[in-house]
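Heads up, the thing below is written out as structure tokens.
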Amino acid sequence: MIPFNKPYLTGKEAHYMYDAVYTGKLSGNGKFTKKCQHFFESNYGFRKCLLTTSCTDALEMAAILADIQPGDEVIMPSYTFVSTSNAFVLRGAHIRFADSRKDHPGIDEDSIESLITQKTKAIVPVHYAGVGCDMEKIMSIANKHNLLVIEDAAQAIDSYFTFSDGTKKALGSIGHLAAFSFHETKNIISGEGGLLAINDDRFSKRAEIIWEKGTNRSAFFRGEVDKYGWVDIGSSFLPSETIAAFLWAQLENLENIQEKRIAIWDQYYSGLKEWAENRNVRLPFVPHFATNNAHMFYLVCESVEQRTEIIERLKSKSVSAVFHYLSLHKSPFYQSKHDGRELSMSDFYSECLVRLPMYYELTEDNIDLIIGNITR
Ligand SMILES: *Cc1c(COP(=O)(O)O)cnc(C)c1O
């Protein structure tokens, strides 16, 4: 049996969690939370980081920080996870769904500008498979129209974007705000978990307040105010120390995890390249401005029939390959709210994209078996 995903443990998780438990600091914002936040700030150039209980929560914080009001519009791809959209819908936003690129499931950057109206507040690019969107184009559109950019970087840890002047920046460090996930299906995990990166200083203070249930508790602990109280809306967005302790064990091994995942990805790519070319099946595409963090290995089939056939064939060999998002503009919840535009690439990826097993402990033999069953 080869599952689609298997959470990888570095071996130190329980040790650090034990430490968190027995030092008696169990709630959030303790030693391990600070270590993790510092790690992200110093390694990836995120201005300020706050751990959250999920990427969903980080996106909800971002929607509050962006001051989304009922009737405001937010632009994002239709081919994404529900949380990208829900976070803004919860604040009353109307979503203007964009189509995906022809060569990649990420947002079609060239379609964004035509979706902007007087009511548009933010653009939310999703770095699908950890491969960056054209952030240079998106930031320039946003600056021109005075919009916020919130990166859904759930899958994009340790991945980069190169600007036309050669500057290379980590995904999640470019938009005003960015959200990452440490759900057990991502590269670096803590069971459930996430991170909000705040790259625009205007939002730093308020982010901390929203994170701490709408109080200025963090400022109080730093001695900046002599009592703390209710100063804004907020919620319980911070994870307990045991979660942060688990995450710390993963971060200590980030390089090793990434190396292994990239080796797996490369084996898939070289083993399937010739077969795919002969069949008009597409392998993952990485644009010249992006890097590959090996979050995912997928095939884009020619038709839904071909995809079903591959999924069934692998299933008969106990290999679990799975399709991905269903276009959000056609979802039972949003269909009637969508403006009726056809988003044909999004629908195409909904029907034809299939993801292959991808996890640290996948062996070379496992991958050979999977490739053999696809190409036979
Ligand atoms: C995983 C994922 C999320 C949600 O992350 P959680 O941590 O499970 O809340 C959001 N957006 C995208 C693109 C994802 O892949």
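Residues Glu151, Glu109: which one is charged (D, E, K, R) and within 16 Å of the ligand (Cβ to nearest atom)?
One residue alone meets the criteria, Glu151.
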ask   = Mind checking which pairs have a first residue in the stretch 14-38 that is over 21 Å from Ala207 (Cβ atoms) and a second that is of a type in the set (D, E, K, R) and modelled with pLDDT of 95 or more, Cβ under 7 Å, 6 or more apart or different chains?
value = Ala20/Glu241; Lys25/Lys31; Lys25/Glu241; Leu26/Glu241
message = Among the residues of the stretch 235-246, are any over 17 Å from the mean Cα position of the chain (by Cα), away from the ligand (no atom under 16 Å from the Cβ), among the aromatic types (Phe, Trp, Tyr) and modelled with pLDDT of 95 or more?
response = no
Out of Ala219, Ala207, Ala245, sole residue that is of a type in the set (A, V, I, L, M, F, W, C) and either under 30 Å from Tyr360 (Cβ atoms) or loosely packed, with under 15 Cβ neighbours inside 10 Å (or both) = Ala245
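Out of Ser320, Ser270, Ser316, report the one residue that is assigned by TED's automatic domain parsing to the domain that holds Glu364, exposed (fewer than 13 other Cβ atoms within 10 Å of the Cβ) and farther than 30 Å from Ala170 by Cα. Lay out the reasoning, then the answer.
Working: Ser320 fails: exposed (fewer than 13 other Cβ atoms within 10 Å of the Cβ); Ser270 fails: farther than 30 Å from Ala170 by Cα.
Just one listed residue meets the conditions, Ser316.
Does Ala263 qualify as being without any contact (Cβ under 8 Å) to a residue 40 or more places away in the chain, under 30 Å from Glu361 (Cβ atoms) and part of a helix (DSSP H, G or I)?
Numbers: without any contact (Cβ under 8 Å) to a residue 40 or more places away in the chain: yes; under 30 Å from Glu361 (Cβ atoms): yes; part of a helix (DSSP H, G or I): yes.
When the stated conditions are applied, Ala263 passes them.
Give me a count of the residues in the stretch 70-98 that are away from the ligand (no atom under 15 Å from the Cβ), touching a residue at least 24 places away in the same chain (Cβ under 8 Å) and either surrounded by fewer than 23 Cβ atoms within 10 Å (Cβ to Cβ) or over 18 Å from the mean Cα position of the chain (by Cα) (or both).
The total comes to 8.
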query = Can you tell me which residues in the stretch 193-222 are assigned to a loop (DSSP other than H, G, I, E, B) and within 16 Å of the ligand (Cβ to nearest atom)?
reply = Gly193
message = Looking at the stretch 287-297, can you tell me whether even one residue there is without any contact (Cβ under 8 Å) to a residue 12 or more places away in the chain and not in a loop (DSSP other than H, G, I, E, B)?
response = no
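The values are calculated or read from the model by the stated rules, or taken from the named source; none is laboratory data. All values reported here derive from a predicted model rather than from experimental measurement. Ideal geometry is used to build each Cβ from the backbone, glycine not excepted, and the neighbour counts take in all protein chains shown.
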